[in-house]
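Here is the structure we will look at.
The values are calculated or read from the model by the stated rules, or taken from the named source; none is laboratory data. Keep in mind that this is a model prediction, so the values were computed, not measured. Positions of Cβ are backbone-derived with ideal geometry, glycine not excepted, and every protein chain shown enters the neighbour counts. Quick note on the areas: whole protein, heavy atoms, side chains included, nothing else; ligands and nucleic acids left out. Shrake-Rupley method; radii C 1.70, N 1.55, O 1.52, S 1.80 Å.
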Amino acid sequence: MSHVFPRHSKIQPPVAASGDGCYVIDTNGKRYFDGSGGAAVSCLGHSDAEVTEAVKSQLDQLAFAHTSFFTSQPAEDLANLLVEHAPEGIERVYFVSGGSEATESAIKLARQYFVEKGEPQRRHLIARKQSYHGNTIGALSAGGNEWRRQQFAPILVDVSHIAPCYEYTLRQNDESAFEYGQRAAQELEDEILRLGEDSVMAFMAEPVVGATLGAVPAVEGYYTRIREICDKYGVLLILDEVMCGMGRTGHLYACEADNVRPDILCIAKGLGAGYQPIGAMLCSGEIYGTIANGTGFFQHGHTYLAHPCATAAGLAVVKAILDRGLLDRVKDMGEKLQAALVAEFGQHPHVGDIRGRGLFRGIEIVKDRETKEPFDPALGLAGKLKKACFAEGLACYPMAGTRDGKNGDHILLAPPYIMTEEQIPDIIEPLKRAMAQIIPS
């Protein structure tokens with residue numbers, strides 16, 4: 001009998017025994033194509049010798065050094081590399097153990113920044129509906145997915161939520177994509193004015209919304225207007241790239257596609273590629289300088305900050321992404337995967353939208369293509385699809401509640417950057433068979 005506390009006590013998963021490139025192999029020898037990279041994590045696949053060797057080498061030198069006493073060379077080198085390629089103004093990196101810690105750190109830094117700046121009245125955080133920013137209390141409070149929030153609502157922090165930039169269902173028929181984006185962005189200014197223009201500390205958003213919407217990028221011009229609004233009212237822009245960053249969309253930082261400059265940026269998942277648990281919060285020199293020239297002490301911290309082995313892994317991963325030309329590969333393979341998905345499912349009577357950037361793709365399942373009406377959530381389509389795909393040898397990320405946390409279903413795909421064109425059928429064929437089994441005709 002297992003004594004592991006699983007994600008779901010009524011599901012008995014197979015035991016993963018080994019990894020081979022884009023595949024995970026269980027103890028029975030069955031191979032699964034990792035079509036979602038776990039949760040957009042395993043960007044280099046499961047057997048990268050260079051990353052493995054980097055971790056082993058660091059273990060031979062130094063396993064751990066607490067950051068209240070020491071820094072370490074891999075942490076310094078990784079921070080330098082991340083800043084070298086970061087958006088304009090980003091100058092400092094705060095290493096943590098994962099995405100939730102990164103977004104939690106961002107929220108606390110935003111608050112302390114304004115306290116030290118002499119604006120303690122700035123306390124409000126604005127985020128978006130149908131977003132996901134992690135599972136700690138602060139991160140969950142920022143997230144806008146009602147299903148994830150529901151049972152914890154009484155203990156969550158008060159955060160305002162505006163509509164996401166979700167063109168497929170929220171753009172009106174008489175609007176251009178640009179006009180819709182401007183209207184969606186205007187909700188931020190309206191909410192700032194409602195709360196009090198000098199009381200808002202930050203706006204948090206995912207450049208490409210991942211788990212809860214299914215690879216939804218913003219329309220052109222949306223983030224330009226968001227940046228203008230933040231600048232107008234002195235509000236910090238926090239971009240959560242935990243899932244969509246580190247090359248997933250074909251850019252090292254996903255915000256590059258929207259040409260937007262954040263004040264704080266959060267990364268994880270692909271940063272360690274699954275070889276070590278690591279995340280990071282990056283911030284502007286202006287924010288860091290305010291703390292450094294004030295108390296000098298960020299009143300926050302975790303035991304495993306900037307862990308030497310984790311940062312060594314992250315350094316090897318980011319070097320691999322940059323040095324092996326994987327950003328261009330992700331763009332190219334992303335276009336080929338999109339074309340294959342459209343060719344197979346574009347006219348499927350229950351596929352409403354196929355979207356995304358790079359190797360970050362979403363398929364929205366609908367009851368009616370014309371009206372975009374979702375299936376009854378009581379059918380549990382997402383869970384059934386995940387199970388059926390897995391039985392067919394495909395690990396992917398179906399999710400329910402796409403529209404509002406309850407209604408709607410989508411499938412998220414985030415395969416390793418190293419996948420080949422010849423492996424596209426390892427996604428398409430199992431998904432085709434699973435959909436034929438599960439989705440009502």
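Run through the DSSP bridge list for the chain and note the antiparallel percent, rounded to the nearest 5.
For the chain, the DSSP antiparallel bridge percentage is about 70.
Remark on region 161-252: hydrodynamic radius 13.9 angstrom, per the Kirkwood mean of 1/r across alpha carbon pairs. Probe radius 1.4 Å, ligands and nucleic acids ignored: give me the carbon and sulfur share of the accessible area of region 318-401 as a rounded percent. Roughly 50 percent of what the probe reaches on region 318-401 is carbon or sulfur. Taking amide H as placed 1.01 Å from N in the peptide plane, the amide H of Ile162 sits under 5 Å from that of Ala127, Arg128, Lys129, each at least 5 places away or on another chain. Applying both filters, DSSP loop and at most 15 other Cβ atoms within 10 Å, to the trypsin sites (Lys or Arg not before Pro) of region 398-441 gives Lys406. Multiplying the residue separation of Ala163 and Arg194 by 0.36 nm and subtracting their alpha-carbon distance yields 9.6 nm.
Taking a point 7 Å from the Cα of Lys30 along the Cα-to-Cβ direction, the residues of region 366-397 with backbone N closer than 14 Å to it are 386-396. The magnitude of the dipole of the chain, with charges of +1 and -1 set on the Cβ of Lys/Arg and Asp/Glu and taken from the Cα centre, is near 1220 debye.
Per-residue 3J(HN,Hα) values for region 255-261, derived from phi via the Karplus relation 6.51 cos²θ - 1.76 cosθ + 1.60 with θ = phi - 60°, read 5, 4, 5, 9, 6, 10, 9 Hz in sequence order (x marks Gly and Pro). Given the options Lys336, Lys30, Lys384, which has the most mean-square fluctuation in a GNM of the chain, springs set between C-alpha atoms less than 10 angstrom apart? It is Lys30.
Take the chain with all the other protein chains still there, run a 1.4 Å probe, and you get 44 Å² of accessible area per residue. Of all the options Gln58, Gln423, Gln186, the one that moves most in a Gaussian network model of the chain with Cα springs shorter than 10 angstrom is Gln423. When the P(r) is computed for the chain, the part past 28 Å accounts for 49% of the Cα-Cα pairs. Charged neighbours of Ala79, selected by a Cβ distance under 11 Å, balance to -3 (K, R count +1; D, E count -1).
When the charge dipole of the chain is built from unit charges on Cβ atoms (+1 for Lys and Arg, -1 for Asp and Glu) and taken about the Cα centre, the candidate among Met399, Leu412, Gln172 whose Cα reaches farthest toward its positive end is Met399.
When peptides 241-248, 223-230 are sorted by average Cβ neighbour count within 10 Å, with the highest value leading, the order is 241-248, 223-230. Shown for region 104-185: the carbon plus sulfur share of the solvent-accessible area, taken with all protein chains present and a 1.4 angstrom probe, equals 52%. Among residues other than Leu44 whose Cβ falls under 15 Å from its Cβ, what is the net charge (Lys/Arg +1, Asp/Glu -1)? Taking every Cβ under 15 Å from that of Leu44, the sum is -1. Taking a sphere under 15 Å around the Cβ of Gly144 and counting the other residues whose Cβ falls inside, with K and R at +1 and D and E at -1, yields a net charge of -1.
Ranking Val93, Val51, Phe70 by Cα position along the charge dipole of region 48-106, where only Lys, Arg, Asp and Glu carry charges on their C-beta atoms, puts Phe70 farthest toward the positive end. Two tests apply to each whole DSSP H helix in the chain, Cα reach of 30 Å or more along its axis and mean Kyte-Doolittle hydropathy of at least 1.6, and none passes both. Between Thr371 and Lys432, what is the FRET efficiency for a Förster distance of 30 Å, r being their Cβ-Cβ separation, to the nearest 0.05? It comes out at approximately 0.75.
Kindly provide the pair-distance distribution of region 244-402 built from C-alpha pairs, with 10 Å bins from 0 and whole-percent values in order of increasing distance. Answer for region 244-402: a P(r) of 9, 25, 30, 22, 11, 3, 0 percent. Here is the tail figure for region 21-63: Cα pairs spaced more than 14 Å apart come to 58 percent of all pairs. On region 1-46, 57 percent of the accessible area sits on carbon and sulfur atoms, based on a 1.4 Å probe. Under a Gaussian network description of the chain, with springs only between Cα atoms under 10 Å, the residue in Ser105, Ser72, Ser36 that fluctuates furthest is Ser72.
In terms of the mean number of neighbouring beta-carbon atoms within 10 Å, the peptides 81-88, 96-103, 388-395 order highest first as 96-103, 388-395, 81-88. Between Glu335 and Asn407, the distance separating the two model label sites (each 7 Å from Cα on the Cα→Cβ line) works out to 3.7 nm.
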